[in-house]
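Single-structure report; data block below.
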Amino acid sequence: MDEVNFGLDLIRIHKVMTRGLRVSLAASETPGGGDYPPPDLNGGLGRYVRALLVVLHVHHHGEDDLAWPYLGARMPDAPYETLIAQHATMSALLTEAEAALEAADLGTLRDQLRGVEALWQEHIALEEEAFSVQATADALSPEEQRRVTRKVERHAQLHSWPLRLVVPFTLYNLELEDRVVLKRTMPAFLTKFVVPTVWKPAWAPMKPYLLDV
């Protein structure tokens, strides 16, 4: 069984969201996105951005509602208030981005994503320093590592809809080494059958924006 470490999992999901933001912004530039097709919020780009917004929202809610309360008793010096305030700022931007996506308003969507990105690197640097691999290993027993990680995973599984977009988005925004590790946390029938066959018609339009599909 792979060793569970909250800090490692945090870094991995941050990679997904960091690439998702970067690709979404690059692909949304008009008249074209360089390496990407012309932006179309009714096509693959819209599905890709929709999955990104869900992953960001669910991740932040899982931290605020589950991870921080659990870790607060064990890692009391972490900057929880700052992280929660940053989440609130980004959540407002994400809500506006969701409305823009629904309205197919590319300019407003791009503006809201730029607002998120402006805070993003500072935010994840603060989190990854406070909850580093070493810091969490020192503060939490292996069982506590598993408990907090499972809490966040279950929250994501319950709220990451539509799964047919979110799961492929998460897997295929990771380089192969990280993807292999993440797949080992998922049921084999999901990664070997459901994602590549049952769900493929839904997520295939996102392929121009994904890694190594």
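Some observations on this one:
- As a summary of the residue check, Leu176 satisfies the conditions (1) surrounded by fewer than 14 Cβ atoms within 10 Å (Cβ to Cβ); (2) among the aliphatic types (A, V, I, L, M); (3) under 25 Å from Gly62 (Cα atoms) except for the one numbered (3).
- Residue that is farthest from Pro79 (Cα to Cα) [pool: residues in segment 122-144 that are in contact (Cβ under 8 Å) with a residue 60 or more places away in the chain and under 20 Å from the mean Cα position of the chain (by Cα)]: Val133
- Across segment 25-61, the number of residues qualifying as under 30 Å from Phe131 (Cβ atoms), of a type in the set (Ser, Thr, Tyr) and over 13 Å from the mean Cα position of the chain (by Cα) comes to 0.
- Any hit, segment 146-166, residues being outside any loop (DSSP other than H, G, I, E, B) and small (Gly, Ala, Ser): yes
- Selection status of Gln145, surrounded by 15 or more Cβ atoms within 10 Å (Cβ to Cβ), modelled with pLDDT of 95 or more and of a type outside the set (Lys, Arg): yes
- Qualifying position, being modelled with pLDDT of 95 or more, buried (at least 19 other Cβ atoms within 10 Å of the Cβ), over 27 Å from Arg184 (Cα atoms) and of a type outside the set (Asp, Glu), among His59, His87: His87
- Qualifying residue in segment 62-79 (condition: part of a loop (DSSP other than H, G, I, E, B), under 20 Å from Met90 (Cβ atoms), more than 14 Å from the chain's Cα centre (by Cα) and small (Gly, Ala, Ser)): yes
- Candidates Ala73, Ala67: the one that is modelled with pLDDT of 95 or more, of a type in the set (Gly, Ala, Ser) and surrounded by fewer than 20 Cβ atoms within 10 Å (Cβ to Cβ) is Ala73.
- Candidate set from segment 132-142 (those that are of a type in the set (Gly, Ala, Ser) and part of a loop (DSSP other than H, G, I, E, B)); member that is surrounded by the fewest Cβ atoms within 10 Å (Cβ to Cβ): Ser141
- Checklist (1) buried (at least 19 other Cβ atoms within 10 Å of the Cβ); (2) of a type outside the set (Gly, Ala, Ser); (3) farther than 24 Å from His57 by Cβ applied to Val166, failing item: (3)
- Options Ala118, Ala104, Ala97: the member that is under 18 Å from Leu25 (Cα atoms) and part of a loop (DSSP other than H, G, I, E, B): Ala104
- Lone qualifier among Val152, Val198, Val180, Val213 - being of a type in the set (A, V, I, L, M), within 15 Å of Arg12 (Cα to Cα) and more than 16 Å from the chain's Cα centre (by Cα): Val180
- One residue stands out among those in segment 179-213 that are at pLDDT below 95 and closer than 23 Å to Pro39 by Cβ: the one that is surrounded by the fewest Cβ atoms within 10 Å (Cβ to Cβ), which is Asp212.
- Residue that is nearest to Leu45 (Cα to Cα) [pool: residues in segment 170-213 that are assigned to a loop (DSSP other than H, G, I, E, B) and of a type in the set (D, E, K, R)]: Asp212
- Flag if Phe131 is out of contact with any Leu (no Cβ under 9 Å at 6 or more places or on another chain) and among the aromatic types (Phe, Trp, Tyr): no
The values are calculated or read from the model by the stated rules, or taken from the named source; none is laboratory data. Since we're looking at a predicted model, the values are computed, not measured. Please note: Cβ atoms are built from the backbone with ideal geometry, for glycine as well, and neighbour counts cover all protein chains shown.
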